[in-house]
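The values are calculated or read from the model by the stated rules, or taken from the named source; none is laboratory data. Because the structure is predicted, anything quoted here is derived from the model rather than measured. Backbone-built Cβ (ideal geometry, glycine too); neighbour counts: all protein chains shown.
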Amino acid sequence: MVAEPSAERAEVLDLRIYSPTAIKKAAYRVADRCTVVLGSPDGDHLPIRFMFRPGTADGAAQEAVRRFHEDLVDEDLRERLNNETAPLRGLILAHAFSRTDLIQR
Amino acid sequence: MNALAAKFHARDHFAPRGTYRLLPARFTRLDDTRYVVTNDVGEHVVLTRPELRAYVARELSPDSSVYAALKARHFLFDDDTRVALDLLALKLRSRMDRVASFTALHMFVVTLRCDHTCAYCQVSRKTEDRTNFDMRPDHADRAVEFMFRSPSPALKVEFQGGEPLLAFDRIRQIVLAAEAMNRTHARDLQFVIASNLTHLDDEILAFCKQHNVAFSTSLDGPQDLHDARRALPGASSHRAAIAGITRVREALGPDAVAALMTTTPDSLGRVVDIIDEYVRHGFNSIFLRSLSPYGFAVKTSLLRRYDVDDWLRFYAAGLDYILELNRRGYPMREEYAGILLHKIFAPGGTGYVDLQSPAGAGIAGIIYNYDGAIYASDEGRMLAEMGDTTFRLGHLETDSFDAVMTGDAFVDMLDHTMLEAVPMCSDCAFLPYCGADPVFHRATQGDLVGHKVHSAFCRKQMAVLRLLLTRLEDDPEAAEILRSWI
């Protein structure tokens, strides 16, 4: 079924739960299904719009939104993992190449 | 306290502490309920969603099997031991060592001439009599000198075309020149000719035997399938290939010739026939390759007749059939799976050009074209034949090794192909097993990086890796077979 109403859909995300970076990364991941337009934050609230290609079926639009939210939860978890481990990653890299002649070679 | 007790920690020293610290990791969905988690050195575990959340929240019990698996593979560390940091650094250094000892594969396009007119040819071939499309002798000498400037301890020389045997004098010149230089350089030197084998003769085989030159050829499947796309005017390409394979084996030994197949639209429903053809001719491996978006494959619109999902169905059916053959007792491996499994389980990874970060083009392999131009990869010169010279690094006549390897064309490419800095790739659990393919993305999306959700390369990689990891997790018998391919 082709449904005109699915051409655009609006939501509001809570910035106390999800960071702008996590939201942008989740939006990037669904770029093959829809365009996620981020609005201006209003306090802790971020309005977003899902824009679908003309002729997108209602079910496909719903699936894209569901996928966005699933990715958003993953991105939030990635952010927590990365925030905690970023200094260690730098330390491991520095340690790995501290005693090589990689630069001189 | 007696003397013996003083040498050991008290019992409570070994008791679980209940706290741990996370080590750098990436995760990606394997299916609806599970995630693949990897670290920078390619160790992996598969976790359920609750296990993943508990791991990141540091809520795992030290007594759990998940905790033990994550600790053993350096995804966390605790007060018991901090050796994980040292081990990760050591493994990372080993994994990245190939960047310092760069370029192992050197491809020489000794001629563009060819007797075949293959529908999917990636090269702009020329007819047999047009010798101005042969590599000049002085360019060949310069290319050999260039090759020995590479710091790689192993050098593999691959002769390509066109049909390289049409310019066998040039091959002979390059082999002899390389062997002479190697008396001083002492590298692990190997030669292979990528040929359709129609121009083999006793003199060529005798030279190859004397100088340990191996062959690689095309075998697309049974005769009807092979001859449909690999046209040899006035003869059967399939018959010529089989005769050539037999002849090489008799002269040089059973392992002196490898075969490659290319998936055409006609192949899609016939993967079993194709694999059976390899078995019939005594091969123990097959490389199920998709078409590349270059050369005649584009001109003849072959590419538009199947997409990556079609190829993935073909590949999955082929992999299952190969596993079945192994269960029945015939040892057979799929080469692409073998490369990926090697990257999953072996710390050093592989030198496979398409699966490197930064890109393997130039670092893993480099190509000297018939006209003296130097390209970062085979596909890069194919793109140049289509008018895009992004991957032209220089010319043997005018550019030194130092100028080429520090030139903007090469350095810019490296700069754009570090997956660790590419959107989506930087967060992907498959990063240690994957690579940047800048030529593919340049050809299909117009830039070196590409948007991964629109990338057929990314879709293919993710799907094949998910397929392999699912088999490894869920099918112990298949896992045992797959591990034997490493």
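Quick check, is B:L303 among the aliphatic types (A, V, I, L, M), within 20 Å of the chain's Cα centre (by Cα) and at pLDDT below 95? Criteria not met by B:L303.
Looking across segment B:308-337 at every residue that is acidic (D, E) and either out of contact with any strand residue (DSSP E or B) (no Cβ under 6 Å at 6 or more places or on another chain) or surrounded by 19 or more Cβ atoms within 10 Å (Cβ to Cβ) (or both), the one that is nearest to B:T264 (Cα to Cα) is identified as B:D310.
Can you confirm whether B:R172 is touching a helix residue (DSSP H, G or I) at 6+ places or on another chain (Cβ under 9 Å) and part of a helix (DSSP H, G or I)? Against the criterion (touching a helix residue (DSSP H, G or I) at 6+ places or on another chain (Cβ under 9 Å) and part of a helix (DSSP H, G or I)), B:R172 qualifies.
Residues that are in contact with a Gly (Cβ under 8 Å, 6 or more places away or on another chain) and either at pLDDT 95 or above or of a type in the set (S, T, Y) (or both) do occur in segment B:165-187, at least one of them. The single condition from (1) touching a helix residue (DSSP H, G or I) at 6+ places or on another chain (Cβ under 6 Å); (2) surrounded by fewer than 17 Cβ atoms within 10 Å (Cβ to Cβ); (3) hydrophobic (A, V, I, L, M, F, W, C); (4) more than 26 Å from B:G450 (Cα to Cα) that A:A31 fails is (4). Criterion applied to B:R170, B:R187, B:R183 was being farther than 25 Å from B:F102 by Cα and charged (D, E, K, R), and the one residue passing it is B:R170.
Residues that are more than 24 Å from B:R49 (Cβ to Cβ), within 14 Å of chain B (Cβ to nearest Cβ) and in a loop (DSSP other than H, G, I, E, B) within segment A:32-77 comprise A:C34, A:R53, listed in sequence order. When segment B:24-59 is filtered for residues that are part of a strand (DSSP E or B), under 30 Å from the mean Cα position of the chain (by Cα) and more than 9 Å from chain A (Cβ to nearest Cβ), the ones remaining, listed by number, are B:R34, B:V36, B:V37, B:T38, B:H44, B:V45, B:V46, B:L47.
Is it the case that some residue within segment B:457-471 is within 25 Å of B:A364 (Cβ to Cβ) and part of a loop (DSSP other than H, G, I, E, B)? Checked against the condition, which is being within 25 Å of B:A364 (Cβ to Cβ) and part of a loop (DSSP other than H, G, I, E, B), segment B:457-471 yields no hits at all. Taking each residue of segment B:469-485 that is among the aliphatic types (A, V, I, L, M) and looking for partners that are in a loop (DSSP other than H, G, I, E, B) with beta-carbon atoms closer than 8 Å, six or more apart or interchain, yields B:L469/B:L30. Considering only segment B:60-112, state which residues are in a loop (DSSP other than H, G, I, E, B), under 23 Å from B:F148 (Cα atoms) and within 14 Å of chain A (Cβ to nearest Cβ). Within segment B:60-112, B:S101, B:F102, B:T103 meet the criteria. The listed residues are B:F401, B:F345, B:F410, and the only one of them that is over 14 Å from the mean Cα position of the chain (by Cα), outside the structural domain of B:V110 (by TED's automatic domain parsing), surrounded by fewer than 24 Cβ atoms within 10 Å (Cβ to Cβ) and of a type in the set (F, W, Y) turns out to be B:F410. Screening segment B:436-455 for residues that are touching a residue at least 24 places away in the same chain (Cβ under 8 Å) and of a type in the set (G, A, S) and picking the one that is nearest to the other protein chains (Cβ to nearest Cβ) gives B:A436. Only one residue in B:M107, B:M96 is surrounded by 14 or more Cβ atoms within 10 Å (Cβ to Cβ) and free of Cβ contacts under 8 Å to residues at least 12 places away in the same chain, so which one is that? That would be B:M96, the only listed residue that is surrounded by 14 or more Cβ atoms within 10 Å (Cβ to Cβ) and free of Cβ contacts under 8 Å to residues at least 12 places away in the same chain.
When you scan segment A:4-20, do you find a residue that is among the small types (G, A, S), in a helix (DSSP H, G or I) and within 14 Å of the chain's Cα centre (by Cα), even just one? No, the conditions are met nowhere in segment A:4-20.
Inspection of segment B:350-371 identifies at least one residue that is surrounded by fewer than 19 Cβ atoms within 10 Å (Cβ to Cβ), of a type outside the set (V, I, T) and under 26 Å from B:R149 (Cβ atoms).
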